[in-house]
Amino acid sequence: MKILLDTHILLWAISDSDKLSEEHRRIIENPDNVIFISIATLWELTIKQSLGKIDLPDSFLSDLTHNGYETMKIEVSHLIELKKLPLHHRDPFDRILIAQAISENCKLLTTDHEILKYNGNFLN
């Protein structure tokens, strides 16, 4: 199964947080699943880090691929899907993740109730 991680799920996974449910941990660690991190998520985290809102190790970006995560670029097909989305949620990073998940037919792993308002393949 193809899984796209929401930003908070990625942070919980890499920090081994207790906030990450056992079910989410099982999904992420399942070798049959391909785990994707959107470039939009990496962009969001880079912005937050530069603003001093979060602290990430210098090796954060390189560690992702070393740990088996795949990156998902933003494609024109994602933007076409984005235009179709209703405005249930105004966060631009979350909206592109929703569009990517729909466009790429993958499951978006999230606990964000605003995202769950959309019709899509979401795992919560």
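The values are calculated or read from the model by the stated rules, or taken from the named source; none is laboratory data. Source: prediction; values computed, not measured. Methodologically, a virtual Cβ is constructed for each residue, glycine included, from the backbone with ideal geometry; neighbour enumeration extends over all protein chains shown.
General observations
- Criterion violated by residue 68 - all others in (1) surrounded by 11 or more Cβ atoms within 10 Å (Cβ to Cβ); (2) at pLDDT 90 or above; (3) under 21 Å from residue 33 (Cα atoms) satisfied: (2)
- Only a single criterion out of (1) under 22 Å from residue 111 (Cβ atoms); (2) touching a strand residue (DSSP E or B) at 6+ places or on another chain (Cβ under 9 Å); (3) at pLDDT 95 or above is not satisfied by residue 19, namely (2).
- Note on region 51-85: residues that are free of Cβ contacts under 8 Å to residues at least 24 places away in the same chain, assigned to a helix (DSSP H, G or I) and farther than 21 Å from residue 13 by Cα total 7.
- Filter result for the condition that a residue is within 18 Å of residue 104 (Cα to Cα) and acidic (Asp, Glu), over 29, 70: 70
- Residues within region 87-120 that are among the acidic types (Asp, Glu), buried (at least 16 other Cβ atoms within 10 Å of the Cβ) and without any contact (Cβ under 8 Å) to a residue 60 or more places away in the chain, tallied: 0
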